[in-house]
Every structure is written in C-alpha cells, then in structure tokens.
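What follows is a set of notes on a single structure, which appears directly below.
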Amino acid sequence: MAALRGLTLGPAAALLRAEPGGAGAAAAAGRRWVRALRRSPVRVLPPREEQRAAAPAGREPAEPKGARPAPEKSPAGQELRYEKAEPGDRRLGKVVTIAKSKKFRDQHGKILLEGQRLIKDALDAGAVPQTLFFSTVGHLKELPEEKLKKTTLVKVKFEDIKNWSDLIAPQGLIGIFSRPDHAKMTYPAVHLQNLLPLSLICDNLRDPGNLGTILRSAAGAGCSKVLLTKGCVDPWEPKVLRAGMGAHFRLPIIANLEWESISHYLPTGTQVHVADSRNPRTQDKMEDVSGKVSSYGWVSRPYNLKAQIGREDLAFDSESKEEGTDEAWFPELDTQCYHENWTRAPAAAVVIGGETHGLSTEALRLAESTGGKRLIIPVVPGVDSLNSAMAASILLFEGKRQLQLRKKQESKRQTLPALG
C-alpha cells in the first residue's frame with residue numbers, strides 16, 4: 001500500500017509544484033494513472049535463457065506479442081536472415097521497373113527472374129542472386145539455402161508482388177540476379193550428357209515469345225549452344241524468360257554477336273544451313289527462285305536490306321536494277337527438304353530468321369562459304385509459311401533424329417568387325 005501511495009503521490013506532487021493550489025486536480029490525475037496501470041499491466045519477461053530453462057523439454061518458449069519473428073533456420077542450424085518491408089516501402093516497385101529496362105540491364109548487368117522454378121534453376125546453374133522479394137517464408141525453404149547466404153532477402157506482402165508482377169497468377173517470389181555469364185555457368189549434367197553437334201543461330205528475331213519458344217526447343221533437342229546476332233530481342237527480357245521455361249539455364253546462350261564473329265563460336269568443320277519456308281519444287285516459275293532474295297522464306301526484302309548494306313552496295317544495287325539483275329548477286333544455295341540428310345558434316349548449324357525482318361545477307365553468305373543448303377519445310381499450297389518458332393523446332397528435332405541415327409549406324413559398324 002505504501003508503494004502504491006508513493007506511485008500516486010509522485011505525479012500529484014509534481015502537479016502541486018507546477019500549479020499551486022491544484023491539489024484536487026493532482027489527486028484526480030493520480031487516481032486515473034492508478035486505474036490505467038490496473039487495466040494495462042506491464043508484463044516483465046525474464047531473460048531468454050531463463051525462459052528456455054523453464055519451458056518443457058522439446059518446446060521453444062513463445063515469442064512475446066508484437067516481437068519481430070526470429071530468422072528461419074536451415075536444417076544445419078544456420079540462419080537465413082531477412083528483413084520485413086515496412087508499409088510504404090517502394091523498393092520492390094523501383095527494382096522491378098528498373099530491371100525491366102533493357103538499358104538498365106545492359107548498363108548494370110542485372111536481370112529479373114520470377115517464379116519458384118525459374119529462380120531455382122538459376123541458382124542450380126550458378127547464377128548469382130542479389131535480392132529476393134518473397135511473400136511467405138515457405139518460398140525460401142524450397143530454394144538451396146547455401147546459395148542465399150549473401151543475398152538480401154526482403155519479405156513483402158503478396159499484394160505488392162501481385163501489383164508489380166507480369167504473371168496472371170504470381171507465385172509470390174521475385175529475384176534480382178547478376179546477368180549470367182555462359183562461360184561461368186554450371187549446366188545440368190543430364191543436358192551435358194545428351195549434347196549434340198548441333199547449333200542454332202538466330203538472326204533478326206525480335207518477337208520475345210518466339211525467341212523464348214525457340215530456346216526451349218533448342219534445350220529440348222540437345223543443342224550445344226544458341227547464338228544471337230545483333231538485332232535480336234534481348235534473351236533476358238522477362239517475356240523471353242517466361243516462354244523459355246528455364247532453357248536459359250540449360251544451354252549456353254551468346255547474344256549480341258556480329259556476323260564476323262559467328263564462326264569463332266562454331267566447331268571446326270561446321271556446315272551452316274538456312275531455313276526456308278518456300279518449296280521451289282512447287283513453284284510455277286522456276287526463275288523466281290534462282291538465288292533471288294524474294295524466293296527465300298524469312299529473308300529480308302530489298303528495302304530492308306538497304307538499311308544493312310553500305311553505300312557501295314547501294315550503288316551496285318542501283319546499277320544492277322538498270323541491267324535487270326537487281327537480285328542476282330545474292331548467294332545461291334542448293335535446296336533440299338528438311339527430312340533429307342543434312343547432318344553429314346562433323347557439326348551442323350541452322351540459321352532461323354525473324355518473320356518481319358528475315359535473314360540477312362550475311363547469313364546466306366556464311367551458309368554458302370560452309371557448303372550449307374536451304375532447308376525446305378513444305379506446306380500445302382495456299383497456306384502461309386510457318387512461324388519462326390515452329391520452323392526452328394521442326395528443323396532442330398529433325399537434326400537430332402538424323403544425328404542419333406548416324407551415331408547408331410556408326411556404333412553398329414564398329415561392332416560388326418568385333419563380332420567377326
């Protein structure tokens with residue numbers, strides 16, 4: 001009682017000193033303070049060590065209400081520490097907006113990945129994460145924890161991720177990674193065991209969905225690498241990543257290449273072929289397909305080519321038009337159907353062009369210099385050509401069939417002398 005009286009007299013005495021003659025007001029204030037103390041008692045918690053000692057065996061003491069959750073622990077006992085985004089935290093919006101800019105990706109070497117499977121594939125392949133935004137701690141448990149130790153982990157509300165996500169059904173996990181270097185990646189062992197001497201060259205492919213589908217088909221067919229020339233869409237654009245379904249982390253993708261350097265990325269003895277959407281055997285006028293650019297499927301038309309060639313070539317083009325041979329100077333390649341054998345060389349490569357801009361003259365010249373051919377995918381007359389993604393898939397899996405058949409035949413030839 002004495003202690004309680006001391007508590008009530010403390011503020012009362014202060015009021016008496018501040019306002020002479022205010023004894024009644026001080027007494028009322030003291031009574032209100034005592035009632036508040038009774039309604040909201042202060043809970044004094046013992047140290048954490050004493051709580052553990054007093055808790056039943058095998059049970060952790062409960063966290064006090066309002067306390068910050070303890071960091072998640074891995075099975076090995078190591079901690080994954082994360083921070084919780086406060087209301088009004090705009091980091092996620094800023095990061096996502098910046099990472100979607102190609103200029104930023106090129107300048108700072110960062111890419112945006114979204115979704116559990118894609119981020120896991122990236123981590124398994126050795127991609128370096130910088131920041132992960134997640135809505136529930138369960139998302140982190142599905143990822144290799146040892147590769148997240150140096151990553152900034154930020155827990156945000158699912159609504160925030162939903163607002164900034166491009167997906168219809170977001171998974172609640174977005175990551176910012178350093179732009180992967182194909183030379184430093186660790187690709188899946190099963191893919192390395194099934195690699196074929198088959199490469200894909202993409203020329204002027206500018207549709208993100210088509211490129212992503214092509215990369216997925218290339219990984220499924222067992223291509224050794226994919227080369228992208230200047231003019232192709234950025235393979236690390238979010239739409240390409242979604243359509244690729246993890247193909248970016250299963251085979252080397254080398255982008256932004258000049259045609260002069262393409263041959264340096266191909267094995268010695270590679271024969272380069274170009275895809276063609278028109279079958280010259282079904283044409284009414286054979287003169288229309290005698291090496292002219294208009295006879296090639298997915299090949300640039302003359303007005304597109306003028307933007308690619310120099311002034312000297314333009315002068316030559318204008319002179320040739322006067323002579324009536326405006327397109328005869330294009331490389332002439334032999335043609336054959338795609339299902340005929342075109343993988344006899346030690347290695348093969350296929351060039352597929354975009355539907356809008358088509359193949360460049362450099363692609364035709366490279367094919368001519370390596371003895372390559374025009375691979376025809378015949379379609380029913382009157383039907384428009386296949387799109388570039390479908391054509392690439394057909395050619396790559398046909399190339400896979402031919403290479404596997406050749407390997408099987410060679411194995412049989414080696415086995416027969418041993419049996420004899």
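The values are calculated or read from the model by the stated rules, or taken from the named source; none is laboratory data. Every value quoted in this text rests on a predicted model; they were computed, and no experiment measured them. In this analysis, Cβ positions are derived from the backbone assuming ideal geometry, glycine residues included, and neighbour counts consider all displayed protein chains. Accessible surface areas use protein heavy atoms only, side chains included; no ligands, DNA or RNA. Shrake-Rupley method; radii C 1.70, N 1.55, O 1.52, S 1.80 Å.
For residue 415, the accessible area of its heavy atoms, probed at 1.4 Å with every protein chain present, is near 70 square angstrom. Accessible surface calculations at 1.4 Å, restricted to protein heavy atoms, place segment 159-284 at 43 Å² per residue. For the peptides 363-371, 80-88, 211-219, residues were scored by their other Cβ atoms within 10 Å and the scores averaged per peptide; the highest-first order is 211-219, 363-371, 80-88.
Holding the Cα-Cα limit at 18 Å, pick out from 100/157; 147/184; 157/239; 120/141; 94/150; 103/184 the pairs that are longer than that.
Listed pairs above 18 Å: 100/157; 157/239; 94/150; 103/184.
Relative protection proxy for 259-271, 169-181, from highest mean packing down: 169-181, 259-271 (other beta-carbon atoms within 10 angstrom).
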